[in-house]
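Structure first, then comments.
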Amino acid sequence: MKNFLSKIFKRRTQRPEAPPPPPKKERAQPPGVVLRHEEGSDKVVFRDLVLHDPAGDPLIDFGSVTLAPGDRMMICGPAGCGKSAGLAAMRDAWMLGGSGEITLPPEVRFVPQDEYFPDRTLYGIVCAPDPLSRFTREQVAEALTDAGLAEFIGAMDDPTKRGEYWKNTLSGGQKNKLAIAGIFLHAADTKVLIVDEITAALDAKSESELYPRILERLRHGIVICVAHHAALAPQHNVFATVANGKVSYTKTPAPVVKAPCNANENPAPSVQPPKAA
């Protein structure tokens, strides 16, 4: 019996090992846009930037452009043409693939079309994404005042308004102003400001007063704006016009923009941006 078992054991140990299973094929990922944050840089550079749609086909070709401090670029085009896709790519949020490169400094502030309002105090919303300890009460109160929300200073430590979170009680225009207050508060440390329809819900008077203030606070940096209001056009010097899936750039001398000193100043004239060549 002992010899019989030893023979069986010997045969089993001499069996060739089964070949390893073939490696699983990884799903090919769509080519992506290379996003680089360069310490010490003060420019925004697009190099052969193309973004894809869900089918993997080219959606919008941003081409190549370089923006320097003092440049104010307005991205123009019909709804759904892909204007906001470029903004998403600049914050590494475009997941549908593409090609090309974007280089920009780390000091970027992005304000999307539908601003996120966390369930926190008004003080905390204006300071976001930084902690409350980053700014003094006086700084936050000044930012609220400059954005036209002085009436909310007394309630800025309350996480609710009439028992509801602020995001559920503020009007569209008030949300725009609150986002602008955040821009004012962080302006000194912002090299690139990217905004998507930041004045969409404002009345013409508020828009004509607040948008120049944004540009004046960011006079040391670059502002990139998606907007449909033609009244904002004269305050920009670079126009990125989207047509047939391609962006054409028109540059003019940088405008000298000063914030209105009082409410009686006239708003900017309603003119169309220059047509791309």
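Tabulated data for the structure shown
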| item | result |
| --- | --- |
| Residues (in a helix (DSSP H, G or I) and not β-branched (V, I, T)) located in the stretch 150-160 | A150, E151, F152, G154, A155 |
| Output for the stretch 30-85, where each listed residue is small (G, A, S), modelled with pLDDT of 95 or more and over 23 Å from A187 (Cβ atoms) | G63, S64 |
| Checklist (1) of a type in the set (G, A, S); (2) within 27 Å of V50 (Cβ to Cβ); (3) modelled with pLDDT of 85 or more applied to A204, failing item | (2) |
| Positions within the stretch 177-201 being of a type in the set (S, T, N, Q) and at pLDDT below 95, in sequence order | T199 |
| Residue match in the stretch 258-271 (condition: part of a strand (DSSP E or B) and either at pLDDT 60 or above or more than 27 Å from P58 (Cα to Cα) (or both)) | no |
| Residues of the stretch 161-220 satisfying the condition of being assigned to a helix (DSSP H, G or I), acidic (D, E) and under 20 Å from K83 (Cβ atoms) | E207 |
| Unique residue being free of Cβ contacts under 8 Å to residues at least 60 places away in the same chain and in contact with a Gly (Cβ under 8 Å, 6 or more places away or on another chain) when the list is A155, A143, A88 | A143 |
| Leading residue by the ranking (modelled with the lowest pLDDT) among those in the stretch 95-114 that are crowded, with 17+ Cβ neighbours inside 10 Å and under 11 Å from the mean Cα position of the chain (by Cα) | P112 |
| Positions within the stretch 91-149 being under 21 Å from I194 (Cβ atoms), assigned to a loop (DSSP other than H, G, I, E, B) and touching a Phe, Trp or Tyr at 6+ places or on another chain (Cβ under 7 Å), in sequence order | R91, F117, A147 |
| Check on I224, part of a helix (DSSP H, G or I), under 18 Å from the mean Cα position of the chain (by Cα) and either modelled with pLDDT under 95 or on the phi < 0 side of the Ramachandran plot (or both) | no |
| Yes/no for T136 being among the polar types (S, T, N, Q) and without any contact (Cβ under 8 Å) to a residue 60 or more places away in the chain | yes |
| Among residues of the stretch 42-69, those that are assigned to a loop (DSSP other than H, G, I, E, B) and either buried (at least 17 other Cβ atoms within 10 Å of the Cβ) or of a type in the set (D, E, K, R) (or both), counted | 4 |
| Unmet criterion (only one of (1) within 26 Å of P78 (Cβ to Cβ); (2) at pLDDT below 95; (3) under 23 Å from the mean Cα position of the chain (by Cα)) for L215 | (2) |
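The values are calculated or read from the model by the stated rules, or taken from the named source; none is laboratory data. Since we're looking at a predicted model, the values are computed, not measured. For neighbour counting, all protein chains shown are included, and Cβ atoms are generated from backbone atoms with ideal geometry for every residue, glycine included.
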